[in-house]
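Asker: Sharing a structure with you now.
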Amino acid sequence: MTRLEQLFDGTLPRLVMFDLDGTLMDSVPDLAAAVDKMLMLLGREPAGIERVRDWVGNGSRVLVRRALAGGLQHEGVANELADEALALFMQAYSGGHALTAVYPGVRDCLDWLRERDIKLAIITNKPAQFIEPLLEEKGLAGYFQWLIGGDTLPQQKPDPAALFYVMDKADVAPADALFIGDSRNDVRAAKAAGVTCVALSYGYNHGEPIVNEAPALVLDDLRELVASVPVLR
């Protein structure tokens, strides 16, 4: 029996939804490069990859505001400046993504799920325009039936709206669905939707251990989800 089957009482889910950045791909190097280019065009000092790693997860607009504020809290940033900076960031990030890498084990897990006719989706707070080109560039196109970006719906994670939207499209109940992510936004969205959540230890969670959010399972590698394990008694 696999860990996935253990989570679903010996069966398999009918739908698996994935976050993208920090779950399937390490995209921070390219995001940080775009943030630093934006900051330098505004006459500011670059932030650097480690600071940006703690700021991602809430979509591009919040990432830009955090970069302007120099920290997670960004309430004091003027909207006009944020709009100007966001346009610069989007232009900078629209180039190639040579620094972004698919995490080990991702393709093996996706292949395993696809071979069993499990429906797959991506739900990310990244702007929708970047999702498909990034999947194409990194060889992950064709796995997913639904691609939901941070601007596809009015709401973003941790709001569960996107999960409900995909489950409705897939005609799958929450009890038969799984969400896999790496941040508190992912875990909280899944819990709000009544969906089992698996979290990855290696992603971006604003510098906090993801275990603090109490997902159903924390993994170091997606291959662990579909590997055979002893049956629990």
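The values are calculated or read from the model by the stated rules, or taken from the named source; none is laboratory data. These figures come from a predicted structure and were not determined experimentally. Cβ: placed from backbone, ideal geometry, glycine included. Neighbour counts: every protein chain shown. With ligands, DNA and RNA removed, areas are computed over all heavy atoms of the protein, side chains included. Shrake-Rupley method; radii C 1.70, N 1.55, O 1.52, S 1.80 Å.
Asker: Scanning segment 173-184 for residues that are within 12 Å of GLY194 (Cα to Cα) and hydrophobic (A, V, I, L, M, F, W, C), which turns out most open to solvent (accessible area, probe 1.4 Å)? It would help to see each step written out before you state the result.
Answerer: At the first step, the residues of segment 173-184 found to be within 12 Å of GLY194 (Cα to Cα) are 173-179.
Restricting the remaining residues to those that are hydrophobic (A, V, I, L, M, F, W, C) gives 173, 175, 177-179.
Values: ALA173: 49, ALA175: 77, ALA177: 0, LEU178: 0, PHE179: 0 Å².
So the residue we want is ALA175.
Asker: Give me the residue from segment 126-167 that is free of Cβ contacts under 8 Å to residues at least 12 places away in the same chain and assigned to a loop (DSSP other than H, G, I, E, B) and, out of that set, surrounded by the fewest Cβ atoms within 10 Å (Cβ to Cβ).
Answerer: So, considering only residues that are free of Cβ contacts under 8 Å to residues at least 12 places away in the same chain and assigned to a loop (DSSP other than H, G, I, E, B), the one surrounded by the fewest Cβ atoms within 10 Å (Cβ to Cβ) is PRO154.
Asker: Got a number for residues in segment 52-87 being of a type in the set (Asp, Glu) and under 17 Å from GLY150 (Cα atoms)? Outline the logic, then answer.
Answerer: Applying the first criterion (of a type in the set (Asp, Glu)) to segment 52-87 yields 54, 75, 80, 83-84.
The next check asks that each one be under 17 Å from GLY150 (Cα atoms); those that pass are 83.
The qualifying residues number 1.
Asker: Kindly evaluate PRO215 against the criterion of being in a loop (DSSP other than H, G, I, E, B) and modelled with pLDDT under 95.
Answerer: Numbers: in a loop (DSSP other than H, G, I, E, B): yes; modelled with pLDDT under 95: no.
When the stated conditions are applied, PRO215 does not pass them.
Asker: Ok, one more. Which of the residues spanning segment 113-125 are open to solvent by 50 Å² or more (accessible area, probe 1.4 Å) and in contact with a Leu (Cβ under 8 Å, 6 or more places away or on another chain)? Don't jump to the end; show me each part of the working.
Answerer: Quick first cut of segment 113-125, residues open to solvent by 50 Å² or more (accessible area, probe 1.4 Å) only: 114-117, 119.
Once the filter is applied, which keeps residues that are open to solvent by 50 Å² or more (accessible area, probe 1.4 Å) and in contact with a Leu (Cβ under 8 Å, 6 or more places away or on another chain), segment 113-125 yields ARG114, ARG116, LYS119.
Asker: Name the residue that is farthest from the chain's Cα centre (by Cα), counting only residues in segment 1-38 that are more than 30 Å from LEU88 (Cα to Cα) and part of a strand (DSSP E or B).
Answerer: From segment 1-38, those more than 30 Å from LEU88 (Cα to Cα) are 1-17; that's our starting set.
Cutting the leftovers down to part of a strand (DSSP E or B) gives us 2, 15-17.
Values: THR2: 23, LEU15: 16, VAL16: 13, MET17: 10 Å.
Here the answer is THR2.
Asker: Considering only residues that are assigned to a loop (DSSP other than H, G, I, E, B) and in contact with a strand residue (DSSP E or B) (Cβ under 8 Å, 6 or more places away or on another chain), look in segment 70-112 and name the one that is least open to solvent (accessible area, probe 1.4 Å). If you could, list the steps in order and put the result at the bottom.
Answerer: Of segment 70-112, the ones assigned to a loop (DSSP other than H, G, I, E, B) are 70-78, 94-100, 103-105.
With the extra rule that they be in contact with a strand residue (DSSP E or B) (Cβ under 8 Å, 6 or more places away or on another chain), the set shrinks to 100, 103.
Numbers: THR100: 6, TYR103: 31 Å².
Restricting to residues being assigned to a loop (DSSP other than H, G, I, E, B) and in contact with a strand residue (DSSP E or B) (Cβ under 8 Å, 6 or more places away or on another chain), the top hit is THR100.
Asker: Follow-up. Among the residues of segment 168-187, which ones are in a helix (DSSP H, G or I) and touching a Cys at 6+ places or on another chain (Cβ under 9 Å)?
Answerer: Just the residues of segment 168-187 that are in a helix (DSSP H, G or I), to begin with: 168-170, 174-176, 184-187.
Passing the criteria: ASP186, VAL187.
Asker: Follow-up question, since we're still on this one. Of the residues that make up segment 34-47, is at least one in contact (Cβ under 8 Å) with a residue 24 or more places away in the chain, in contact with a helix residue (DSSP H, G or I) (Cβ under 6 Å, 6 or more places away or on another chain) and under 20 Å from THR124 (Cα atoms)?
Answerer: Among the residues of segment 34-47, at least one is in contact (Cβ under 8 Å) with a residue 24 or more places away in the chain, in contact with a helix residue (DSSP H, G or I) (Cβ under 6 Å, 6 or more places away or on another chain) and under 20 Å from THR124 (Cα atoms), which makes the answer yes.
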